[in-house]
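Values quoted throughout were computed directly from the atomic coordinates according to the rules given, and no laboratory measurement underlies them. What you are looking at is a predicted structure, and each value in this text was computed from that prediction instead of being measured. Don't worry about glycine lacking a Cβ; one is built from the backbone with ideal geometry, like all the others, and counts go over all protein chains shown.
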Amino acid sequence: MLDRLVEWIIAVWDTIIPYKIINQFDRGVRLRFGKFKEVLEPDFHWKLPIFDTIIEHGSVWTTHSMPAQSLTTKDGKDIVVKGIIKYRVVDMKVFALEVWDAIDAISDMTQGIIFDIVKDKTWDDLQHEDLKKEISKKARNEARRWGIEIETVTISDLAKIRSIRLLNSNGSIG
């Protein structure tokens, strides 16, 4: 209960304070009456209390670990693939206003790209080909739409797994 009160006080304070400081490693977007007004660079900015909302996000290189996904190769091998995306925000307006959750979007999109590549290759192909370069190139092209620049997608885990089915389609074990 007390934590909700503290959150409410902070939200009210952020609404009525007439300024915002954008740090060197962040960028921001000013919304006035809920509509885009301008992109804010690092600095001290005046704002109209109650009428202006400022959304900020980091703009330096960072990484995002994707969850492991189980896939099947072209030659029928069950494998698990896990990756790491190194990215940064380059267009704050697009990032903040044109996609709901850009980080989830790049993770889901990259996992889709990995799926598309893996399903068309054999286990041996995955061991010998430059998988990182192919995935990174495709992900880079897609992420631009959301104001994100991807430097690289690294495959952190790539291993064969044994698939065991614990539940039948009707929900019973066996």
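Summary of computed values
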{"read-out": "Two-decimal Rg/Rh across the chain, once Rg and the Kirkwood Rh are taken from alpha-carbon atoms", "value": "1.13"}
{"read-out": "Segment 112-118 - phi-based ³J(HN,Hα) in whole Hz, Karplus 6.51/-1.76/1.60, Gly and Pro as x", "value": "x, 5, 4, 4, 4, 6, 5"}
{"read-out": "Dipole of the chain [Lys/Arg +1, Asp/Glu -1 at C-beta], most positive-end residue of Met1, Thr122, Ile55", "value": "Thr122"}
{"read-out": "Phi-based couplings in Hz for segment 131-143 (Karplus 6.51, -1.76, 1.60; Gly and Pro marked x)", "value": "4, 4, 5, 5, 5, 4, 4, 5, 5, 4, 5, 6, 5"}
{"read-out": "Rounded Å value of the spacing that divides the Cα centres of segment 46-86 and segment 110-139", "value": "18 Å"}
{"read-out": "Highest-MSF residue in the chain out of Gly83, Gly58, Gly34 [GNM, Cα springs under 10 Å]", "value": "Gly34"}
{"read-out": "Nonlocal amide H pairs with Leu40, under 5 Å, H built at 1.01 Å", "value": "Gly28, Val29, Arg30"}
{"read-out": "Residues of type aspartates and glutamates that Lys47 reaches as a straight line, Cα spacing below 13 Å, ignoring anything fewer than 8 places off in the same chain", "value": "Asp14, Glu38"}
{"read-out": "Amide N proximity, segment 59-85 versus Thr122 label position 7 Å along Cα-to-Cβ, cut-off under 18 Å", "value": "72-79"}
